[in-house]
Amino acid sequence: MADIKGLVKKLRSEYGTNDPFALCEALHIGVLYCDLPIDVKGFYLLINNNQVIFLNQELDENEARVVCGHELGHTQLHRDFNAVFMRTQTLLNCQRYENEADMFCAYLLLDGEELTDGTEVVTMEDIARRTGLPKRLVQLYYTAGA
């Protein structure tokens, strides 16, 4: 597995942001909102050497940020990997790639400062609620040794 934490740290430092949309713009990665089936939140494709992230136009702002962060992970970790083709045309299990993109997203959108508010113990549920991130991403971040 790639050094996901190091890669994210480098991107955050180089571009001065953890906003996946700002990073996509800086990296010349297209982001398109489109009408997708309800169960498809987004996907990444490399088209004629252009990286494009497709997001479901029905996502709310926070969910779009999380999905964009996940798909941005694919652009950095699996540039030439076509998940749509792999899922529909092969018998390969793509879960490892999805887990890596989730880890990228967790490192991108969390920074460790959410762990405490200075007065009380904070749970993963509290952090998820405060940040608007799915609990699974918070768990990935803190169980991976943030």
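The values are calculated or read from the model by the stated rules, or taken from the named source; none is laboratory data. Computed from a prediction, not measured in an experiment: that's the story for all the values here. Cβ coordinates were reconstructed from backbone atoms using ideal geometry, including for glycine residues, and neighbour counts include every protein chain displayed.
Before we move on, is GLU100 under 16 Å from the mean Cα position of the chain (by Cα), modelled with pLDDT of 95 or more, among the acidic types (Asp, Glu) and crowded, with 16+ Cβ neighbours inside 10 Å? Judged against the criteria, GLU100 is not a match. In the condition set (1) of a type in the set (Asp, Glu); (2) surrounded by fewer than 16 Cβ atoms within 10 Å (Cβ to Cβ); (3) at pLDDT below 85, GLU125 is compliant with all but (3). Residues in region 50-65 that are farther than 18 Å from HIS78 by Cβ, of a type in the set (A, V, I, L, M, F, W, C) and not in a loop (DSSP other than H, G, I, E, B): ALA64 only.
If only residues of region 27-43 that are part of a loop (DSSP other than H, G, I, E, B) and surrounded by 10 or more Cβ atoms within 10 Å (Cβ to Cβ) are counted, the one that is nearest to the chain's Cα centre (by Cα) is LYS41. All conditions but one from (1) within 16 Å of the chain's Cα centre (by Cα); (2) in a strand (DSSP E or B); (3) more than 17 Å from CYS105 (Cα to Cα); (4) not charged (D, E, K, R) apply to LEU46; the one that does not is (1). Of all residues in region 45-69, exactly one satisfies the criterion of being exposed (fewer than 15 other Cβ atoms within 10 Å of the Cβ) and among the hydrophobic types (A, V, I, L, M, F, W, C), namely ILE47.
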